[in-house]
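For reference, the structure is listed below as structure tokens.
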Amino acid sequence: MAEGDKPLLIKRYASRRLYNTETSDYVTLDDIAKFIRAGREVQIVDLKSGDDLTRQYLLQIIAEHESKGESVLPITVLNDLVRSYTTNAQSVVPQFLAASFEMLREGQSKMMENFGAMPNPMAGVPGFEAMQRQQEAFLKSMMGGWTGGTTGPAPDDAADGDDDKDAELKKIKQQLAELQSKLSKM
């Protein structure tokens with residue numbers, strides 16, 4: 001397996017410091033976020049117990065970005081996520097979110113392909129190519145956090161007759177559509 005294919009192993013010491021095993025130096029949460037934005041998978045484990053702490057640290061990175069005013073998740077979505085931990089919809093939400101982000105990744109790929117393939121009447125203008133490269137870099141940086149795989153297919157809405165689950169799933173779909181609309185306006 002090539003080095004880029006396996007996750008970057010970060011070890012957490014008893015002092016809570018995070019150690020990058022590839023570069024043999026300590027890293028911060030910001031460093032880990034940069035690795036992920038660059039497309040690298042990261043695995044964070046406790047040195048002593050061997051417990052996988054990746055999910056905990058990824059949630060912490062998201063929480064820090066949200067608290068700094070870099071909000072991506074609307075309050076209604078956050079409320080629905082909290083509710084999903086206390087309802088039977090918990091089994092539906094992870095699959096739905098994974099399928100939704102997979103759709104966003106596919107849309108991003110198609111948008112980037114179409115962006116590069118479009119003939120532009122401005123192509124003859126001096127400096128146009130540099131401006132186009134800057135736009136492509138901007139789009140890649142904006143969408144760079146959405147790389148990787150998915151956990152499975154979207155759940156079948158018709159398979160469950162429970163009205164509460166259907167209503168909650170419909171609400172989540174509506175919120176996702178609103179989020180996609182906002183992203184498409186960026």
Residues located in the stretch 84-107, provided they are over 15 Å from Lys173 (Cβ atoms) and either modelled with pLDDT of 75 or more or not assigned by TED's automatic domain parsing to the domain that holds Asp163 (or both): Tyr85, Thr86, Arg105, Glu106, Gly107
Of the criteria (1) more than 24 Å from Leu176 (Cα to Cα); (2) in contact (Cβ under 8 Å) with a residue 60 or more places away in the chain, which one Arg40 fails: (2)
Residue satisfying condition, being surrounded by 13 or more Cβ atoms within 10 Å (Cβ to Cβ), among the charged types (D, E, K, R) and farther than 30 Å from Lys165 by Cβ, within set Arg37, Arg16, Arg105, Arg83: Arg37
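The values are calculated or read from the model by the stated rules, or taken from the named source; none is laboratory data. In this text, all values refer to a predicted model and were calculated from it rather than measured experimentally. Quick reminder, even Gly has a Cβ in these numbers, built from the backbone with ideal geometry, and neighbours come from all protein chains shown.
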